[in-house]
Amino acid sequence: MSDEPRAPAVAGQPVENIALHLFLEALFHRHGYDFRNYAKASLKRRVRALAVSAQCNSIAELIAPTLNDPEFLTTILQHLSLPVTEMFRDSSVFKSLREQIIPYLKSYSRLQIWQAGCASGEEVYSLAILLEEAGLLDRVQIYATDINDTALHQAEEGIFSASRLDEYERNYVQAGGTRALSDYYVATAGFFRIHARFRKRIVFAHHNLVTDNVFCETQLVLCRNVLIYFDSSLQNRVLRLFHDSLCRHGFLCLGTKESLRSAESADLFTDFDRPNMIFRSK
Ligand SMILES: C[S@@+](CC[C@H](N)C(=O)[O-])C[C@H]1O[C@@H](n2cnc3c(N)ncnc32)[C@H](O)[C@@H]1O
């Protein structure tokens, strides 16, 4: 073995890649947010967009405010964490939760569910509506977590723009809903607020899938459209975390564009409803 010091992994790469590496190191060491194992191509696009919005000419110019301006962190997280979501997104997944998973959950007298990467909360309220329709709302404790505190605050409030209500009504019906979605919210000028009985069953909390550990035992973990942003080593870490959190034969629901490709993850889960990306822990 040579005693020569090893060249850093980014040596010889285009300058922008080196700048990205240094920016991610600055973000981690200054603020503790670790994006170093996010999938690089999409991360680079988002960091470029951050540079444009912060009126920086390059990714390298983001490093100084990241180190020196504590308020810049909120802007960084808004750009890097993408809290985009909707109610009953991918309605066939919610139909499957309603028809195939919830009947299993009925056998538990107390239920714990973890939704990781809840963004502004539309998805977790959709799930809570399904649980109420199945008569399970009173026995459930849902933990909805994210790294984006602005999104978590909106989720906790449960107030959303009414501009997408028509689309949400359609999604709800396609997910097998037979009532009116308006049974579950109060409308005010331009907004609607989810009823307090749903909000009471959900604890919204800051939790980082990259650096934090399991905090509860659950029968169902929903983590949709989050792993897609991670590289394969980070995906494996997070899948192990979900496996450790789930009870025996507990359910894991991922996003429809995600996958359980690695051999390691195939050892942890079996298929339950593959088209809707629902698995059971081994
Ligand atoms: C595209 S949204 C998905 C929201 C929702 N699950 C859905 O499918 O509609 C991705 C969410 O993952 C969150 N996220 C990204 N990295 C995370 C991490 N390391 N730990 C926890 N949440 C994370 C983001 O803040 C964002 O709210």
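All of the numbers you see were taken from the coordinates with simple rules; none came from a lab. This structure is a prediction, so every number in the text was calculated from the model and none was measured. FYI the Cβ positions are ideal-geometry reconstructions off the backbone, even for glycines, and counts take in every protein chain you see.
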**OP:** Let me know the shape class of region 15-81, please: from the alpha-carbon gyration tensor, a ≥ b ≥ c as square roots of the eigenvalues, rounded when a/c is under 1.5, otherwise prolate if a/b is greater than b/c, or oblate.
**Re:** rounded
Subject >> Largest-first principal axis extents, alpha carbons of the chain, Å >> reply: 65, 51, 28
**OP:** Report the one residue of PHE72, SER42, ALA26 whose Cα lies farthest in the direction of the positive end of the charge dipole of region 15-81 (charges on C-beta: Lys and Arg +1, Asp and Glu -1; origin at the Cα centre).
**Re:** SER42
Subject >> Sum of -39500 (n - 2.57) over DSSP H runs of 4+, divided by residues of the chain (222 nm, nearest 500) >> reply: -11000 deg cm²/dmol
Original post:
How many percent of DSSP beta bridges within the chain run antiparallel, rounded to 5?
Top reply: 45
Subject >> Distance between modelled label sites at ASN57 and ARG179, nm, 7 Å Cα→Cβ extension >> reply: 5.9
Original post:
Taking the Cα centre of the chain as origin and charging only Cβ (+1 Lys, Arg; -1 Asp, Glu), how large is the dipole, in debye to the nearest 20?
Top reply: 620
Subject >> Calculated FRET value between VAL214 and THR74, using beta carbons and R₀ = 25 Å, to 0.05 >> reply: 0.35
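According to the square roots a ≥ b ≥ c of the eigenvalues of the Cα gyration tensor, what is the shape class of region 106-199, taking rounded for a/c under 1.5, prolate for a/b larger than b/c otherwise, and oblate for the remainder?
Working: a/c = 1.85, a/b = 1.14, b/c = 1.62.
Oblate shape, in that a/c is at least 1.5 and b/c is the bigger or equal ratio.
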**OP:** Normalising by the residue count of the chain, find the relative contact order in percent from Cα pairs under 8 Å and 6+ residues apart.
**Re:** 17
Original post:
On alpha-carbon atoms, Rg over Rh for region 111-163 using Kirkwood Rh?
Top reply: 0.99
**OP:** Could you work out which residue, out of ALA144, ALA175, ALA266, moves most in a Gaussian network model of the chain, that is, has the largest mean-square fluctuation with Cα springs under 10 Å?
**Re:** ALA266
